[in-house]
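Beneath this line is the structure, given in structure tokens, with notes to follow.
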Amino acid sequence: MEHCELCPRMCGARRTEEAGGGFCRLPETMQIARIAPHLWEEPPISGTHGTGAVFFSGCTLRCIYCQNSEISHKNAGRPFTPAQLAEKLKRLVDLGMESISFITATPFIPKILEALNLYRPPVPLVFNTSGFERVETLRMLEGVMDVYLPDLKHYSPSMSRLCTGVEDYFKKTGPAIREMVRQRGTPVYNEKGIMTSGVLIRHLILPGSTGESMKLLDWVHDELPPGIPVSLMSQYVPCNDVQVPGLKRRITRREYERVQNHMLALDLPGFYQGPTSATKDFIPEFNTDASFV
Ligand code: SF4
């Protein structure tokens with residue numbers, strides 16, 4: 001790839017098969033850190049048997065508090081060709097996965113489309129993203145991804161800059177989520193309760209940031225069509241020896257309840273993952289032989 005502009009960083013970097021010169025430092029060849037059943041997504045994504053999760057290496061956002069920094073910051077992973085990925089997708093389907101999740105996949109979208117041309121799994125395809133996306137790039141996925149699972153992380157430029165280094169996270173993510181909603185709209189479920197089409201927004205409450213959370217929920221309520229669910233998450237754990245004083249603790253029950261009550265007052269549909277789920281035990285093993293089906 002001579003000139004990569006797949007994500008809002010718009011580096012214009014040259015990415016060869018072996019090396020990448022952009023912010024993400026990713027080559028053109030897919031790098032993948034884990035392909036395995038994953039049971040811990042929201043019920044309409046994981047169902048009973050799990051989603052077949054493909055964790056791609058790298059991240060175009062790289063939040064300082066990321067729990068998966070081994071892959072998002074350090075790019076741990078192994079190279080895969082489209083044919084090799086197609087083979088693994090088939091294996092996941094044979095294992096009975098309820099859906100297939102492509103996680104932080106943006107830098108590899110052209111290669112993923114090649115893999116899906118070789119094999120299209122007969123289960124919903126989920127695009128799991130930080131939300132920091134370009135509308136133009138999302139249009140490449142129109143008619144391919146069935147479900148969008150974007151994060152909605154930061155509202156203010158100052159919080160965004162502090163956590164990700166970019167000021168315009170919300171400025172980019174708002175239009176990206178609108179595009180996802182334009183493509184797939186409100187959720188449709190099958191008889192097993194698995195989402196077969198739609199958008200589900202995730203929001204992780206950060207310590208000391210309930211005001212940000214409430215502004216983001218207001219935006220969902222005011223700007224998106226009714227019926228787009230929000231998954232409210234409380235499992236923030238200080239990671240990566242984060243040095244920002246306010247981010248060195250978990251959130252309190254009071255903070256969680258404040259945001260939860262706001263979401264209830266707005267009557268937004270969704271899921272609540274309360275403070276008891278705040279543990280590092282949810283972090284899967286990456287880039288070992290056992291990480292791949
Ligand atoms: S995907 Fe990587 S190389 Fe391409 S624009 Fe984004 S950060 Fe830059």
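Readers should treat all values here as calculations from the given coordinates under stated rules, not as data from a laboratory. This one's a predicted model, so the numbers in the text were calculated from it and none came from an experiment. Here the Cβ is made from the backbone with ideal geometry for all residues, glycine too, and neighbour counts use every protein chain on show.
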- Query: Is there any pair linking a residue in the range 1-18 that is more than 6 Å from the ligand (Cβ to nearest atom) to one that is in a loop (DSSP other than H, G, I, E, B) and of a type in the set (K, R), with Cβ under 8 Å and at least six apart or on different chains, and which?
  - Reply: M1/R14; E2/R14; H3/R14; P8/R134
- Note on the structure: Given (1) away from the ligand (no atom under 16 Å from the Cβ); (2) closer than 26 Å to P187 by Cβ, T106 misses just (1)
- Query: For the range 37-133, which fully contained helices (runs of 4 or more DSSP H) count at least 1 residues that are crowded, with 20+ Cβ neighbours inside 10 Å and among the β-branched types (V, I, T)?
  - Reply: 43-46, 69-72, 109-118
- Task: Find all pairs meeting these conditions: Cβ atoms under 7 angstrom apart; at least six residues apart or on different chains; first residue within the range 173-199 and of a type in the set (A, V, I, L, M, F, W, C); second residue in a loop (DSSP other than H, G, I, E, B) and surrounded by fewer than 17 Cβ atoms within 10 Å (Cβ to Cβ).
- Result: V181/P225
- Hits in the range 51-80 (condition: out of contact with any helix residue (DSSP H, G or I) (no Cβ under 9 Å at 6 or more places or on another chain) and within 25 Å of Y272 (Cα to Cα)): N68, S69
- Screening S57, S72 for residues that are within 23 Å of R120 (Cα to Cα), of a type in the set (S, T, N, Q) and within 16 Å of the ligand (Cβ to nearest atom) leaves only S57
- Whichever residue in the range 186-213 is over 17 Å from the mean Cα position of the chain (by Cα) and buried (at least 19 other Cβ atoms within 10 Å of the Cβ) and, among such residues, is nearest to V147 (Cα to Cα): I194
- Working only within the range 211-253, note down all residues that are free of Cβ contacts under 8 Å to residues at least 12 places away in the same chain, part of a helix (DSSP H, G or I) and over 19 Å from V199 (Cα atoms). G211, P245
